[in-house]
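Just below is one structure, and these are the notes that go with it.
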Amino acid sequence: MALIELKNVNKKYHSGEVIVNAARDITLEITEGSFVAFVGPSGSGKSTLLNLVGCLDMPTSGSISILGTKVDSLDRVARAKFRGDHLGFIFQNFSLIPVLTVYENIEYPLVMVKNLPKEERQEKVRSLLEKVGMLDQMNKYPNQISGGQKQRAAVARALVSNPKIVLADEPTANLDSESAMQVIKVMHRMQEELGTTFIFSTHDQKIVEEAEIIYHLKDGVIVDRIDRKLRA
Amino acid sequence: MSTILKIAVRNLTRYTRRTLLTATLISIGVIFVIVFGGLASSFKNSMINVITGSLLADIQIHKKGYVESIDNLPLNIFLSTAETTEATKIISGKPNVVASSPRIKFSAMLSNYAQTSGVRLVAIYPDKEIKTCPDLVQRIKGRKDLSSIVNPGEILVPELLFKGLSLKLGDEIVVVATNRDGAVNGVTLRVAGYSEGVMGPSGKDGYIHIEDATSLLRMETPEISEIAIKLKEFKYLSSSYKKLADTINGDTFEVHTWEQLTPFSTIVKIVDVLILMVRVILTSIVLVSIMNIMMMSVYERIGEIGMIAALGTLPKQILSIFFLEGILLGLISTVVGVIVAVVILSILTITKLEFKFGSMNIALTPGIPWSEMLITVTIVMVISAIATLQPAIKASKLEPVDALGHV
């Protein structure tokens, strides 16, 4: 059964007086535990598609079903709860909360969304910090660590609440190639260890090579789908 | 809640200079309001004490129609002995009344055989008058024995006339007055002292014993122009006045508080308006400062808001983060302002600022105006909440996709 199912999804928005078709008649299915990449040039609709799958945006038409829930019919608050319960996010610009330490940033979803007791939080956060190799940096603030470290912390935060799906919008765009590969390897390891479905957008060919399923987008349309698992 | 509080506090310290500037501005406003309010209230209370404690008392009862002709000191709108007894009986039954003093007020001519001058005389029972206006003693000069401020056969001359007529203590002077039937009568009295006017040397109020006034005005029994009343607790003036006015026969008597009998009450009202104006200024400072800083804060953190919203933070939690930030800024500024204001007021109370207002000796001892502080703290907190609400609501309503795309 598909974890994520998009049927005839369209997304239009206004840019001044121009109507932009950011996603056109998108139909796709993503199964559990996949490592999926949305690839394409700027303006191809990668981020729009990620935002739709991440319940951050609503489709103009079509339906989106995630974990059996029709998310396009949820209201704002219900979508926020759904995101908190089932989705994890990694952003391009290392979006950690600047006034919280690395530890507190990773702990944030467990306090604000899951409301778990302190002992349970501590165990989960420490375990993930260890997995992403950031245990020694946990008391530092985001402005005291490197870009690669920030993204590894962001990966840990995305995974801390055990989401089924993690969405990453150009997670390596602002990193040097070595840090980028480290982050992708961490994501890969987490996918294998935890069975989490990773969906990310990128236009970095080296990173694309790491994906199992690749969707090529152009002008809001899926022009190609490559399944490396099948090829192998 | 602790995470929301932690984020709010740390965000305040994130832009230290901006937060400090805003907090300082609010603190200065709070200090100004409390210190000004304390001094102004002290000035107001001192003034009221002088006026009610040495001149008017707290409440007065007159024959109906007297007050509208009070400038003429009419002799035909007096309370008869029976009416005075009736009023006194009602007054003595009121629990908040501590003393009352019947008075006869009339115009007269005063002559030292060489010069003559007009004078306004207040005829009193000295023991009752002292109980009703205890500070009157401080306005009596030249008299050694103040156990009874004026005895039968004596007169306390207004300071202006005492000096103008070159009088000396013990001099005999003639007081001539017309009674209500138009008959002129005179009586010789000995100068026992002189009285300072409340407003300065322009006052022309002299004091004689009520027995001498009865004789001078050819009354068979004393007829009274006013009964001055002193209250046990001045703060219950309004309720005491209302109770008295409700009980007493409105067809015969009229009751007035001191405020209705003197233009000084206007000064008191002006002081109240000034305090109000200062509070309005403080309100504006808090409103504009906090709204400005919170709007800037939301604008600068739109991307951050999008990120925490994407992570599943509910709109009400985002609202709480920003709301708490604004409230904390108001609270910290207020606490600092209150502490500094208390220190300043304590110093002022110890140093005791003294000055003359007219001939009134006003000593400003502001103390710690707890009610003023409570009002100020409440104003700042309420305005902080109002000023923060709009930016906080704006933050909570941001769509994550728009916020994340904000550059």
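Applying the criterion of at least 1 residues that are charged (D, E, K, R) and touching a residue at least 60 places away in the same chain (Cβ under 8 Å) to the helices (runs of 4 or more DSSP H) found wholly in the stretch B:1-92 leaves B:16-51, B:81-92.
Under the condition of being outside any strand (DSSP E or B) and either more than 8 Å from every other protein chain (Cβ to nearest Cβ) or closer than 21 Å to A:Thr27 by Cβ (or both), the residues counted in the stretch A:48-81 number 22. As for the stretch A:168-179, it holds no residue that is surrounded by fewer than 24 Cβ atoms within 10 Å (Cβ to Cβ), over 24 Å from B:Gly405 (Cβ atoms) and within 15 Å of the chain's Cα centre (by Cα).
Considering A:Glu32, A:Glu5, the condition of being part of a loop (DSSP other than H, G, I, E, B) and not small (Gly, Ala, Ser) is satisfied by A:Glu32 alone.
For the stretch B:121-140, filtered to residues that are assigned to a helix (DSSP H, G or I) and touching a Ser or Thr at 6+ places or on another chain (Cβ under 6 Å), the residue that is modelled with the lowest pLDDT is B:Arg139. Taken over the stretch B:14-42, the residue count meeting the criterion of being surrounded by fewer than 23 Cβ atoms within 10 Å (Cβ to Cβ) and either among the acidic types (Asp, Glu) or farther than 30 Å from A:Tyr141 by Cβ (or both) is 9. Taking the listed residues B:Ile386, B:Ile375, B:Ile368, B:Ile379, the one that is over 30 Å from A:Met58 (Cα atoms), away from chain A (no Cβ under 14 Å), outside any helix (DSSP H, G or I) and among the β-branched types (Val, Ile, Thr) is B:Ile368, with no other qualifying. Of the candidates A:Gly54, A:Gly16, A:Gly40, A:Gly45, the single residue that is surrounded by fewer than 20 Cβ atoms within 10 Å (Cβ to Cβ) and small (Gly, Ala, Ser) is A:Gly16. In the stretch A:102-121, which residues are in a helix (DSSP H, G or I), farther than 15 Å from A:Pro163 by Cβ and either among the hydroxyl-bearing types (Ser, Thr, Tyr) or within 14 Å of chain B (Cβ to nearest Cβ) (or both)? Once the filter is applied, which keeps residues that are in a helix (DSSP H, G or I), farther than 15 Å from A:Pro163 by Cβ and either among the hydroxyl-bearing types (Ser, Thr, Tyr) or within 14 Å of chain B (Cβ to nearest Cβ) (or both), the stretch A:102-121 yields A:Tyr103, A:Glu104, A:Asn105, A:Glu107, A:Val111, A:Lys118, A:Arg121.
Filter the stretch A:128-179 down to residues that are among the hydroxyl-bearing types (Ser, Thr, Tyr) and away from chain B (no Cβ under 13 Å) and give me whichever is farthest from A:Glu32 (Cα to Cα). Per the criteria, the residue is A:Ser146.
The selection criterion, being more than 11 Å from chain B (Cβ to nearest Cβ) and β-branched (Val, Ile, Thr), does not hold for A:Val99. Candidates are the residues of the stretch B:54-88 that are small (Gly, Ala, Ser) and modelled with pLDDT of 90 or more; the one that is nearest to B:Thr262 (Cα to Cα) is B:Ala57.
To keep it simple, each residue is scored yes or no on (1) in contact with a Ser or Thr (Cβ under 9 Å, 6 or more places away or on another chain); (2) of a type in the set (D, E, K, R); (3) at pLDDT 85 or above.
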| position | (1), (2), (3) |
| --- | --- |
| B:Met294 | yes, no, yes |
| B:Ile327 | yes, no, yes |
| B:Leu331 | yes, no, yes |
| B:Leu345 | no, no, yes |
| B:Phe355 | no, no, no |
| B:Pro366 | yes, no, no |
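Residues of the stretch B:199-233 that are hydrophobic (A, V, I, L, M, F, W, C) and at pLDDT 90 or above: B:Ile208, B:Ile210, B:Ala213, B:Leu216, B:Leu217, B:Met219, B:Ile224, B:Ile227, B:Ala228, B:Ile229, B:Leu231.
Given the structure, is B:Lys168 in contact (Cβ under 8 Å) with a residue 12 or more places away in the chain and exposed (fewer than 15 other Cβ atoms within 10 Å of the Cβ)? When the stated conditions are applied, B:Lys168 passes them.
Within the stretch B:300-309, is even one residue away from chain A (no Cβ under 14 Å) and either among the polar types (S, T, N, Q) or under 30 Å from A:Val111 (Cα atoms) (or both)? So far as the stretch B:300-309 goes, no, none of its residues is away from chain A (no Cβ under 14 Å) and either among the polar types (S, T, N, Q) or under 30 Å from A:Val111 (Cα atoms) (or both).
Filtering the stretch B:110-120 for residues that are within 21 Å of B:Tyr66 (Cα to Cα), in contact (Cβ under 8 Å) with a residue 12 or more places away in the chain, touching a Lys or Arg at 6+ places or on another chain (Cβ under 7 Å) and part of a strand (DSSP E or B) leaves a non-empty set. Per the conditions (1) within 10 Å of chain B (Cβ to nearest Cβ); (2) of a type in the set (Gly, Ala, Ser); (3) touching a helix residue (DSSP H, G or I) at 6+ places or on another chain (Cβ under 7 Å), the sole criterion not satisfied by A:Ala23 is (1). The conditions of being out of contact with any helix residue (DSSP H, G or I) (no Cβ under 8 Å at 6 or more places or on another chain), among the small types (Gly, Ala, Ser), within 26 Å of B:Asn179 (Cα to Cα) and surrounded by fewer than 16 Cβ atoms within 10 Å (Cβ to Cβ) are not met by B:Ser239.
The values are calculated or read from the model by the stated rules, or taken from the named source; none is laboratory data. Since the model is a prediction, treat every value here as computed from it, not as a measurement. Here the Cβ is made from the backbone with ideal geometry for all residues, glycine too, and neighbour counts use every protein chain on show.
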